[in-house]
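Reviewing the structure listed below.
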Amino acid sequence: MTPSWKWQMRWCRLNAWIVLAFALCATGPVHSQAVAQAPDGANALRERHQTLQTALRENPFGRALHLDSTQTSGDLKGEIHAVVEHPFETVRTSLRVARHWCDILILHLNVKQCLSAAGAGPSVLAVHVGRKFDQPLEEAYRVDFAYSVVADSAEFLHVALRADNGPLGTRDYRITLRAIPLGDSRTFLNLSYAYGYGVAARLAMQAYLSTLGSDKVGFSVLEKRPDGQHVYVGSVRGVVERNTMRYYLAIDTYLGSLGTPPAQQAEQRLRAWFAATERYARQLHEMDEADYLTMKRKEIARKPSTPAPAPG
């Protein structure tokens, strides 16, 4: 294998892990257009919840969750709808604060650092992504995500994030999180993202999936064999589905840690996230718990080498 192909495979692996690196929501007031959009958005999400009743009850995840993915010639999208056992007000007040998303993102194997910045202009998350082992921060790839609140009310939360460019020619990242209350103690979430890619990204991903990623699968079942074994989706859709699930589990883990004393929350989140991913070991297992905890404790403790970008 030539050095060029090795380089492409390296960045392909990075790309596979940052697709879902999202954070959202400035802490300032919501503008009037966003407020006006809230009723329609909330109603649409309520309708989707009703449509998915059977899928949310009957699925292989052991929880009320529906996952889907689509791919076109130059665009990729992953989406989760799920019911979480957390009150909407907890979800709303937590997920609309930018710095909280760094606590969520750092749980992922390949997020090495996350810094947030807010000011008069758009808010920004500077996310450094790398390999699933300890590495110097300067070897990671930095992606800056601009995020905003589209709607924020007692009945609907909608936040959005966008990055113009990613590694290896990926571009136009479009990520949204929407939520509505379900009674007093539960919330219905929709996590969606899409991004574009060109020839370089496609070739590098093909190289990775034919070698290091050849045994990786996603969650969608393509067929059921006569012996009862499932054939799962692979290729780039499998990559997207795995990362969609990892970040959804990070959100749920973060929300579940809020009742713990602040000094204990980071450690609890690490252990809870790893345990949650191991429930889907066929798709998500990458390393032992001890290795994961050692790596993440060091990354969380690492002081920023550079300040977060100033909003434009």
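The values are calculated or read from the model by the stated rules, or taken from the named source; none is laboratory data. As the structure is a computational prediction, the values presented were derived from the model and not from experiment. Neighbour counts run over all protein chains shown; Cβ positions are idealised from the backbone, glycine included. Just the protein is used for accessible areas: all its heavy atoms, side chains included, with ligands, DNA and RNA removed. Shrake-Rupley method; radii C 1.70, N 1.55, O 1.52, S 1.80 Å.
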By residue number, the members of the stretch 260-277 that are exposed (fewer than 13 other Cβ atoms within 10 Å of the Cβ) and not polar (S, T, N, Q) are PRO261, PRO262, ALA263, ALA275
Note on the stretch 58-77: residues part of a loop (DSSP other than H, G, I, E, B) and open to solvent by 50 Å² or more (accessible area, probe 1.4 Å) are GLU58, PRO60, GLY62, ARG63, THR72, SER73
Starting from the stretch 252-274, take each residue that is touching a residue at least 12 places away in the same chain (Cβ under 8 Å) and among the aromatic types (Phe, Trp, Tyr) and list its partners that are outside any helix (DSSP H, G or I) and buried (at least 21 other Cβ atoms within 10 Å of the Cβ), counting only C-beta distances under 9 angstrom and pairs at least six apart or across chains.
TYR254/LEU107; TRP273/LEU107; TRP273/HIS108; PHE274/LEU107
Quick check: is even one residue across the stretch 194-202 buried (at least 18 other Cβ atoms within 10 Å of the Cβ), in a strand (DSSP E or B) and at pLDDT below 85?
yes
Would you point out which residue out of ASP144, ASP172, ASP152 is closer than 22 Å to HIS81 by Cβ and acidic (Asp, Glu)?
ASP152
If you take the residues of the stretch 155-171 that are over 17 Å from HIS49 (Cα atoms), over 16 Å from the mean Cα position of the chain (by Cα) and touching a residue at least 24 places away in the same chain (Cβ under 8 Å), which of them is most open to solvent (accessible area, probe 1.4 Å)?
ARG171
Which numbered condition SER94 misses (of (1) in contact with a His (Cβ under 9 Å, 6 or more places away or on another chain); (2) of a type in the set (Ser, Thr, Tyr); (3) exposed (fewer than 15 other Cβ atoms within 10 Å of the Cβ))
(3)
Counting only residues that are more than 13 Å from the chain's Cα centre (by Cα) and either over 24 Å from LEU107 (Cα atoms) or modelled with pLDDT under 85 (or both), which one in the stretch 235-254 is surrounded by the most Cβ atoms within 10 Å (Cβ to Cβ)?
VAL236
Qualifying residues in the stretch 24-57 (those that are at pLDDT below 95 and part of a loop (DSSP other than H, G, I, E, B)) - the one most open to solvent (accessible area, probe 1.4 Å):
PRO29
Counting only residues in the stretch 177-193 that are open to solvent by 10 Å² or more (accessible area, probe 1.4 Å) and out of contact with any Phe, Trp or Tyr (no Cβ under 7 Å at 6 or more places or on another chain), the one nearest to ALA126 (Cα to Cα) is identified as SER192
Mind listing whichever residues of the stretch 105-147 are of a type in the set (D, E, K, R) and either surrounded by fewer than 15 Cβ atoms within 10 Å (Cβ to Cβ) or without any contact (Cβ under 8 Å) to a residue 60 or more places away in the chain (or both)?
ASP134, GLU138, GLU139, ARG142
